[in-house]
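Every read-out reported here was derived from the displayed coordinates using simple, explicitly stated rules and does not represent laboratory data. Note that this is a predicted model, so its numbers are computed, not measured. Note that we place each Cβ from the backbone using ideal geometry, even for glycine, and neighbour counts take in every protein chain shown.
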Amino acid sequence: MRINSESNSSIHGLRSVLLAIFSTTFLVALIISLTGCRRPEQQNGKTLTLAVNSGVEGDALKQAALDYEAQTGVHINIAEFPYTNLFEKELLDLNARTGAYDLIMLDDPWFPRFATQQLMMDLAPLLQSHGAKWPDEDFVPASVALGREPYQFGALYALPYVGNSQLLFYRKDLFAKHNLKEPATWDDVLAAAKTINQQETEGTEDGGKIYGYVMRAAQGNAAVADFMPIFWAFGGEMFDASGRPTVNSAEGIAALKFMLELGKYSPPGYASFNADEVGAHLLQGTAAISINWPAWISSFSDPAKSKVIGKMEFTTMPGAKNPGRAEIGNWLIAIPRDAKNKDAAFDFLLWATSAEQMKRSALRGNPPTRRSLFIDAELVAKFPAYPAQLRSLETSKPRPRTPFWNEIENAFGIYLSKANSGELSAEEAMNQANAEIAKILEREK
Amino acid sequence: MPRSQRFLSAKSRSAGKGRGLRVGSDRTLGYALVAPSIAVLLALSIYPLINAVTLSLHVISGGTSRWSLGNFARLFSDQFFLAALGHTLIYSASALTIEFFLGLALAVLLNHRMRGRGFFRAGLLVPMMLPTVVVGVVWRLMLNPNFGAINGTLKRLGVNTASLTWTSSPRLAMLSVIAVDAWQWTPFMFLILLAGLQAIPQEPYEAALVDGSSAWQTFRNVTLPLLKPAILVALLLRTMDLLRVFDQVFILTEGGPGFATETISLYIYRTAFRFSNFGYAAAMSFVLLVITNIISAFYIRVLQVRETG
């Protein structure tokens, strides 16, 4: 019996110890979670939180934020996300109205989605209260138009920070060697691709073949971005005036047939190429012509990466039935509707998009959105393609402005990739793409 | 009543006798101790599950959200969903078959005493230890038709590699991703089956030897039946993993070329995070959950080791 009661009391002792541990843990957790809710930075209103993408564009804004902090004493937090996560992160936070960000960087195709859901601040009242005349005449109109909803004429919600637009990259040494002139039309491009493809079977440094053309035809964004300039030049349009999809028009099918024709002079497997593969082919000197984005230009003069130093030339999009137009790809900065420090955020936005600051961003490798900088002597000396970039940007065209662009681009890209991998004919691909896009629009109506 | 339950209830009955007061405080302590885990389970599993059901039963149109079966109705007319489902089943069935038979063969082989057994056993586990993302990137480079090691080697051996574009070819892309999966996960099958083999006692083999059964008969009638529990575990775990495959396909092909290797998880990811349609993504996730459950139940029924009473 004695033993029994002893064990009972020891169980009792164990129980009280456990209860004590449990309740203490619970209390500590409670205290931590309660204090965690208080954000000390908000008290002075001098803290800004920026959502940026991890990459050269976000890096420039990060650097600018450090300069701004040193100049003004405003503390800036940076929330950095890879490109693919940035969109979902921003959309989720803005929809949940957390007010987590005071400024967001966004890629221009995302803008219609944010604008139609009214997730961003209209900048007009802020401009008025700050007495600022912005955006001034110096901004490229095609870039400013992106931050308005409806496009070009509506209210201003975002300012353009990085001004990319597509360029045609080509090997000027090979063009000179085969007596080819700078391509002005897509037929010129095809003829040049064919000549180089046939003649340069042992053209690379180690005696390998040089392909006439190289493109990205992986499903999704890649295939669509490389197809749009051809599609537009051939007279194709994604939608008619009433918003119905028209990708399977005669012009659209002819454009895809032309893309498949160019594919004959592209390296095998291009139907799954993305930017990396295209970049590798150009840098290794195994392909001669391509549509690409300005971010790649600097790597061609880097001896660690490039076998084609001094051999690349950059020009505007070739035309066909219509004059050539590049796809625009700008990074915009906007203030979320639920931002906690709207005024301070707006001050920073004006400061970051001023000519002086944008020049610093340009020196860090981001094409500007101001005309004066594209012709700035110091910048042109460092970035010789700037004049071509300005011409391309001024005549560029945005991706179709619909809040459902991600889904439409995905579906369209799948069929373009299927045509390029030989699974479907041009007609089949465009008809099926058209039906699928119609379905998306019908569903989202 | 199963033995364990009988035992428990007997214990609680005896505990109840004559110590009525204790029972209450025992209970209180019991609840207090499990409360944190219950709370965590509720917060991290049950609540999201209920939330996902609600989400899948809502359709957003024109800025307002309403109850609807629309997401489930859409499944049947969505050719992308049906194609992705088909790809997932083909992928899972092929990879599972290859991995199972290869893993079994390797396990049987390396269960014998042989020179270098330890080395092979350890070496075989390396692919499984690598992060899937790393495996994906490495294979993506190796399968590159222009710069990759595989076509490079084949070219040196005099093979015409012009049509071998692996992940870019609609015909070869699925084969390529399945091969990479088999490369990485056969070791997992091998590991579990080897453990199963080693748990089999010697006596049945000795009996089979005495009865004069051939090697094949021994394998068929002794090894396989006794290996059933290990086979069940291996197939079950692998199937669940295969049905929700995401990372290696995402890195190797991103579902391409075209739609040739898009699996259901990729399509769910795209729908939720690229197209921001969480309701439809939740509905598809449920279909995947149901399919996984049906297949798992089937395995358990077929392979369950019946207790001989």
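Quick one: net charge of A:Glu149's neighbours, Cβ under 14 Å, K/R +1, D/E -1? All intermediate terms of the calculation are to be shown ahead of the outcome.
Working: positive: A:Arg113, A:Arg148, A:Arg337, A:Arg401; negative: A:Asp108, A:Asp122.
Around A:Glu149, the surrounding residues sum to +2.
With runs of 4+ DSSP H residues as the only contributors, calculate the mean residue ellipticity of chain A at 222 nm using -39,500 (n - 2.57) per run, divided by the residue total and rounded to the nearest 500.
My calculation for chain A gives -15000 deg cm²/dmol from helical runs alone.
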### Message
Tell me the Rg and the Dmax, in Å, that the Cα atoms of chain B produce.
### Response
25.6, 88
## Note on the structure
In terms of the charge dipole of the protein assembly as shown, which places +1 on Lys and Arg and -1 on Asp and Glu at the beta carbon, the residue among A:Ser249, A:Asn197, B:Ala162 farthest towards the positive end is B:Ala162
### Query
Once you average over the residues of B:248-258, how many Cβ atoms of partner chains fall within 10 Å of each Cβ?
6
### Summary
Per-residue average of other protein chain Cβ atoms inside 10 Å, peptide B:26-37 -> 2
### Query
What distance in nm separates the simple spin-label points at B:Glu203 and A:Ala355, each placed 7 Å from Cα in the Cβ direction?
9.5 nm
### Query
Taking the Cα atoms only, what angle lies between the long axis of helix A:426-444 and the longest principal axis of chain A, rounded to 10 degrees?
30 degrees
#### Entry: For the stretch A:313-328 and the stretch A:232-304, distance of Cα centres in Å
12 Å
### Query
Classify chain A: rounded, prolate or oblate, from the alpha-carbon gyration tensor (a ≥ b ≥ c, eigenvalue square roots; a/c under 1.5 rounded; otherwise prolate if a/b is larger than b/c)?
prolate
### Spin-label pair A:Ser299/A:Glu202, simplified geometry with 7 Å Cα→Cβ offset, distance in nm
3.0 nm
### Query
Percent of alpha carbon pairs in the stretch A:307-397 separated by more than 18 Å?
57 percent
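Which of the peptides B:253-262, B:132-141, A:336-345 is most tightly packed, and how do the rest follow, going by the mean number of other Cβ atoms within 10 Å of each residue? Don't skip to the answer; put the middle values down first.
Values: B:253-262: 26.9, B:132-141: 16.8, A:336-345: 19.7.
Ranked from most to least packed, the peptides come out as B:253-262, A:336-345, B:132-141.
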### Message
Can you tell me the orientation of helix A:2-37 relative to chain A, as the angle in degrees between its alpha-carbon axis and the longest Cα principal axis, to the nearest 10?
### Response
50 degrees
### Message
For the stretch A:107-151 and the stretch B:163-237, what is the centre-to-centre distance using only Cα atoms, to the nearest Å?
### Response
62 Å
### Task
Quick one: which residues, 5 or more positions from B:Asn111 or on another chain, have an amide H under 5 Å from its amide H? H modelled 1.01 Å from N in the peptide plane, none for Pro or chain starts.
none
### Message
Please report, ordered by residue number, every helix of chain B (full DSSP H runs) that is 30 Å or longer along its axis going by C-alpha atoms and whose mean Kyte-Doolittle hydropathy reaches 1.0.
### Response
B:79-109, B:173-199, B:278-303
### Query
What FRET efficiency comes out for the pair B:Met240/A:Leu441, r = Cβ-Cβ distance, R0 = 35 Å, nearest 0.05?
0.40
### Message
Between B:Gln217 and B:Ser163, how high is the FRET efficiency from 1/(1 + (r/R0)^6) when r is the Cβ-Cβ distance and R₀ = 51 Å? Nearest 0.05.
### Response
0.65
### Summary
For A:Lys46, the lysines lying under 30 Å Cα to Cα, once residues fewer than eight places off in the same chain are dropped, come out as A:Lys62, A:Lys89, A:Lys133, A:Lys340, A:Lys342, A:Lys359
### Charge-dipole axis of the protein assembly as shown as Lys and Arg at +1 and Asp and Glu at -1 on Cβ define it, positive-most pick from A:Phe273, B:Tyr47, A:His178
B:Tyr47
### Task
Grab the other residues whose beta carbon is less than 10 angstrom from that of A:Asn292, score K and R as +1, D and E as -1, and report the net.
0
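Between their Cα atoms, which of A:Lys264/A:Lys418; A:Lys181/A:Lys311; A:Lys305/A:Lys397; A:Lys177/A:Lys321 are more than 21 Å away from each other?
Pairs exceeding the cut-off: A:Lys305/A:Lys397; A:Lys177/A:Lys321.
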### Query
Hey, what did chain A get for relative contact order, percent, Cα under 8 Å, at least 6 apart?
24 percent
### Task
Find, to one decimal place in angstroms, the Kirkwood hydrodynamic radius of the stretch B:66-218, where the mean of 1/r is taken over every pair of different Cα atoms and then inverted.
19.2 Å
## Note on the structure
Listed residues A:Thr185, A:Thr72, A:Thr204; largest mean-square fluctuation, Gaussian network over chain A with Cα springs below 10 Å, found at A:Thr72
### Query
What number, rounded to the nearest 500 deg cm²/dmol, is the helix-based mean residue ellipticity at 222 nm of chain B, given -39500 (n - 2.57) per DSSP H run of at least four residues and division by all its residues?
-22000 deg cm²/dmol
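Please sort B:295-302, A:143-150, B:149-156 by packing, taking for each peptide the average over its residues of neighbouring beta carbons within 10 angstrom, highest first.
Those peptides, ordered most packed to least, come out A:143-150, B:149-156, B:295-302.
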## Note on the structure
Taking a crude spin-label model, label points 7 Å out from Cα along the C-beta direction, the A:Thr72 to B:Arg117 distance in nm is 7.2 nm
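Let me know the mean shielding of B:169-176 by other chains, meaning the per-residue number of their Cβ atoms within 10 Å of its Cβ.
Average neighbour count from other chains, rounded to a whole number: 3.
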### Query
Any idea what angle helix A:221-233 forms with the longest principal axis of chain A, computed on alpha-carbon atoms, 0 to 90 degrees, nearest 10?
40 degrees
